[in-house]
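A.B. asks: My structure is below; once you've seen it, I'll send some questions.
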């Protein structure tokens, strides 16, 4: 049987700061028997800034990738970055909903001998492809090193489950939580799983950004997570790179590892840390890997008690 093949849009982040995400995506895809065929001549999705400056060029920039995918005969476009996924999905949806916008975007694309028929390419996030096309059952069967003993917080971020995307429940997404359990680890309660990491706020108001990052790491730590698992390069960057500055600002000492979801899958599939791009992170993954046990820990019957919201952390003077 031929391996399933997907047209793949990696996005800019995976070529540079989040290269570990790309390395782990490719490694896990090989083990799962799927092919990620990179879209030829793709361009940046513009992140969020372009849409804040001039919407038509921003839409046209994104639509060019959709037009290239359609031209290549792709019916689906698989994306690992949440910002890229949002922009591609949003552009396709808005072109379908607004004929005047579609007309103007295609006028812009015509300058490059391109055209996009909205709805012709389905935009999918890589996490949804692995979970829905491969499935939890198959994933569990391929596990070579169950992640026994690990407690993990599934962090979806603010982009991937917003109402327009319909990927999972908007308030309480569970796809990654179920994936964590399928790999042998425990998904801890994490009430801030869809809260914003601050995005590019670190470049605008560092104090605000560090407060947002601190709240996320603190919430995961209070719920006894050994690490956080994310599907977004920006989320991983903020929580990893700015965790130490947040510690200095709030006089804390958190050392919370932040993994990409494919790195976690790869560990369970028996791949080495080197094959998964470990070593590029600021907060070391090594303590988390060393916590993996050979046998499952006894499952205590959960105590039923009301969950209390964490108080807001006091801002430093």
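The values are calculated or read from the model by the stated rules, or taken from the named source; none is laboratory data. If you're wondering where the values come from, they're calculated on a predicted model, not measured in any experiment. As a convention, Cβ positions derive from the backbone with ideal geometry for all residues, glycine included, and neighbour counts pool all protein chains shown.
A.B. asks: Among 173, 118, 99, which is in contact with a helix residue (DSSP H, G or I) (Cβ under 8 Å, 6 or more places away or on another chain) and at negative phi?
C.D. replies: Among 173, 118, 99, only 118 is in contact with a helix residue (DSSP H, G or I) (Cβ under 8 Å, 6 or more places away or on another chain) and at negative phi.
A.B. asks: Can you tell me which residues in the range 100-132 are over 30 Å from residue 264 (Cα atoms) and in a helix (DSSP H, G or I)?
C.D. replies: 100, 101, 102, 103, 104, 105, 106, 107, 108, 109, 110
A.B. asks: Return the only residue of 20, 47 being closer than 16 Å to residue 61 by Cβ, crowded, with 18+ Cβ neighbours inside 10 Å and either under 16 Å from the mean Cα position of the chain (by Cα) or not assigned by TED's automatic domain parsing to the domain that holds residue 70 (or both).
C.D. replies: 47
A.B. asks: Within the range 133-192, count every residue that is outside any loop (DSSP other than H, G, I, E, B) and over 19 Å from residue 89 (Cβ atoms).
C.D. replies: Residues in the range 133-192 being outside any loop (DSSP other than H, G, I, E, B) and over 19 Å from residue 89 (Cβ atoms): 21 in total.
A.B. asks: When you look at residue 62, is it at pLDDT 90 or above, farther than 27 Å from residue 199 by Cβ and not in a loop (DSSP other than H, G, I, E, B), yes or no?
C.D. replies: no
A.B. asks: Take the conditions surrounded by 19 or more Cβ atoms within 10 Å (Cβ to Cβ) and assigned by TED's automatic domain parsing to the domain that holds residue 160 and apply them to residue 223. Does it pass?
C.D. replies: Judged against the criteria, residue 223 is not a match.
Table: residues versus (1) touching a residue at least 24 places away in the same chain (Cβ under 8 Å); (2) over 30 Å from residue 203 (Cβ atoms); (3) assigned by TED's automatic domain parsing to the domain that holds residue 231.
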position: 39; (1), (2), (3): yes, no, no
position: 78; (1), (2), (3): yes, no, no
position: 84; (1), (2), (3): yes, no, no
position: 87; (1), (2), (3): yes, no, no
position: 92; (1), (2), (3): yes, no, no
position: 99; (1), (2), (3): no, yes, no
position: 102; (1), (2), (3): no, yes, no
position: 109; (1), (2), (3): yes, yes, no
position: 132; (1), (2), (3): no, yes, no
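A.B. asks: Another question, then. If you check 87, 65, 54, which single one turns out to be out of contact with any helix residue (DSSP H, G or I) (no Cβ under 6 Å at 6 or more places or on another chain) and crowded, with 24+ Cβ neighbours inside 10 Å?
C.D. replies: 65
A.B. asks: Within 21 Å of residue 199 (Cα to Cα) and either within 23 Å of the chain's Cα centre (by Cα) or not in a helix (DSSP H, G or I) (or both), is that true of residue 74?
C.D. replies: Criteria not met by residue 74.
A.B. asks: Does the range 302-314 include one or more residues that are assigned to a loop (DSSP other than H, G, I, E, B) and modelled with pLDDT of 95 or more?
C.D. replies: no
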